[in-house]
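Presented below is the structure to which this report refers.
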Amino acid sequence: MNWKYRTIFPFEVNVMPVPKDVANGQTVEIRITIQRTGNYSNTKYFLRYFQFDGQGTLQYYNEPPYLPNDLYQLPTEQFRLYYTSTSAVSQSFDVWISDSFVNEKQITFQFNSSD
């Protein structure tokens, strides 16, 4: 592919508000929408995440939980993730959403323990 003529379409990520507190065993729904600034039909979007405080699982709908730092292709531009706490301490994790044109957005989630 001739990179000189490749058009890059940046995107934004919108996240609906999430609770500030989560209890051990509780699941929080995270609604995310990718908003394109251009429209290239072959654009693919990917997700990876890394948890750096506390413990929990993140998954796409009822799919198996994501593994940290692994790259997963997103089938749609509007989707829900489900985070389930598995610890009784504050929890923090980052989600990176990238596209097939090397654009990337980072979202940080932080939850206080409500146990």
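Coordinate-derived values only; no laboratory data. Bear in mind that the values here come from a model prediction, so they are computed numbers and not experimental data. Cβ sites come from the backbone with ideal geometry, for glycine too, and all protein chains shown count toward neighbours.
Could you size up the charge dipole of the chain around its Cα centre, putting +1 on the beta carbon of Lys and Arg and -1 on that of Asp and Glu, and report it in debye to the nearest 20?
480 debye
Hey, in the GNM for the chain with a 10 angstrom Cα cutoff, which one of N14, N103, N42 fluctuates hardest?
N42
Please report the antiparallel percentage of the DSSP beta bridges confined to the chain, to the nearest 5.
95 percent
At each listed q (0.19 Å⁻¹), what is the log10 of I(q)/I(0) that the Debye formula gives for the range 48-94 modelled as equal alpha-carbon point scatterers?
So the normalised log intensities are -0.61.
Could you work out the relative contact order of the chain, using alpha carbon pairs under 8 angstrom and six or more residues apart, expressed as a whole percent?
Value for the chain: 33 percent.
Once the Cα atoms of the range 1-111 are picked out, what are the Rg and Dmax in Å?
15.2, 51
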